1. Of the residues in the range 156-175, how many are touching a helix residue (DSSP H, G or I) at 6+ places or on another chain (Cβ under 8 Å) and either assigned to a loop (DSSP other than H, G, I, E, B) or of a type in the set (Ser, Thr, Tyr) (or both)?
2. If you scan the range 283-294, which residues turn out to be free of Cβ contacts under 8 Å to residues at least 60 places away in the same chain and small (Gly, Ala, Ser)?
3. Those residues that are modelled with pLDDT of 95 or more and either surrounded by 14 or more Cβ atoms within 10 Å (Cβ to Cβ) or touching an Asp or Glu at 6+ places or on another chain (Cβ under 8 Å) (or both), I need them from the range 10-25; list them, please.
4. Is it the case that Asp74 is within 20 Å of the chain's Cα centre (by Cα), over 17 Å from Val132 (Cβ atoms) and either surrounded by 17 or more Cβ atoms within 10 Å (Cβ to Cβ) or among the acidic types (Asp, Glu) (or both)?
5. Quick one: in the range 229-251, of everything that is within 14 Å of Gly265 (Cα to Cα) and loosely packed, with under 14 Cβ neighbours inside 10 Å, which residue is nearest to the chain's Cα centre (by Cα)?
6. Can Val144 be described as over 19 Å from Ala72 (Cβ atoms), assigned to a strand (DSSP E or B) and not assigned by TED's automatic domain parsing to the domain that holds Leu299?
7. Going through the range 266-282 one residue at a time, which ones are free of Cβ contacts under 8 Å to residues at least 60 places away in the same chain and touching a strand residue (DSSP E or B) at 6+ places or on another chain (Cβ under 7 Å)?
8. Only residues that are in a loop (DSSP other than H, G, I, E, B) and closer than 13 Å to Pro266 by Cα: list them for the range 209-220, please.
Amino acid sequence: MISHFQYCSVKKQAFHWVDSTGKIVGTTSYVQTTAGQAPQDYREIYYQTNLGYFDVVGYSADLPFAVVGTTAGDSGPNGSNPPCGVINSANNPKTLAQWRANGNAVAVSVFDQNKSLAVGRDFVSRCPVATVTAPGTLDYMDAVTGIRLDSASYLEGTVGSGIFDRVTPNLTYSTSSTAHGAVAAHIFTALNNPGATTPVVAGKSIPGGTADRPLTRLYEGWDAAAASQRQKNITAKDNACAPIKPADSTGLDCDEFPFGATREGPAAGSNFSVKYLDSSQNRSAGGTLGTWYTKDRILHKDKFFVKITP
């Protein structure tokens, strides 16, 4: 797994040939490489699989050797959907000899599902997907992961898109950014030295810096409860900012982390930080968050974490 939009699996597979007595008389090994891509504005996921670097020791036979995609349905947090559809390429080499003769050959599989079969207001479909290499009775499953298709109205695109959903996405800010480096520095301190942040709370531990302590998107347009939680985050931030407001706050905003657009924002408890920063930097960072939510397809209640780079 690489990201929401790219997947890669490279594995070496080997199988043995046996005679009628069960004695091993040969071994065939190869490297299977699968590259997956989630194109924008399509409810589809593409797989391309290559079999190469064959090593044959002893006996081998030219048996059927097709690579096909396989999928199933899911009962997830959004509800239950049937198996995704899968279309396998017709030019997939069908025998072991054909794969060995064409080192550039690939098998293509496309996974999709019409939104009419999806669930919830975001039209979500979740499916485990994999490739199956089928040398007769020696079926081998590889490139196993999960995909999610959605058509959320508040994300990018008019049709929807797909992602690889077995990865916790991360938003990256840089402390060297001229646009929002001050915000990145504030987040870095909040995550790595929370005792030095405001408000001062003994034992403060601020989430959001790792996949095992993620943040959760709060889309205030989801319903009245989400809008209320967003407003509570704003109020809690303002209350924490009031005692530290500079006498001259011209050109300054009070920045908060975790973000107000998350369930872990200031209203969630004492594990947050506020700091007055340059207004343009604060608003740039907020714009980056909103754009990333949309482009990386972060649904309401999706988990993510924040990385700070130099």
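1. Looking only at that region, the number is 5.
2. Passing the criteria: Gly286, Gly287, Gly290.
3. Listed by number, the list holds a single entry, Val25.
4. Against the criterion (within 20 Å of the chain's Cα centre (by Cα), over 17 Å from Val132 (Cβ atoms) and either surrounded by 17 or more Cβ atoms within 10 Å (Cβ to Cβ) or among the acidic types (Asp, Glu) (or both)), Asp74 qualifies.
5. Gln231
6. The answer is no for Val144.
7. If the condition is that a residue be free of Cβ contacts under 8 Å to residues at least 60 places away in the same chain and touching a strand residue (DSSP E or B) at 6+ places or on another chain (Cβ under 7 Å), then Pro266, Tyr276, Ser279 are the ones that fit.
8. If the condition is that a residue be in a loop (DSSP other than H, G, I, E, B) and closer than 13 Å to Pro266 by Cα, then Leu218 is the only one that fits.
The values are calculated or read from the model by the stated rules, or taken from the named source; none is laboratory data. Not measured: the values here are computed from a predicted model. Positions of Cβ are generated from backbone atoms using ideal geometry, with glycine treated the same way; all protein chains shown enter the neighbour counts.
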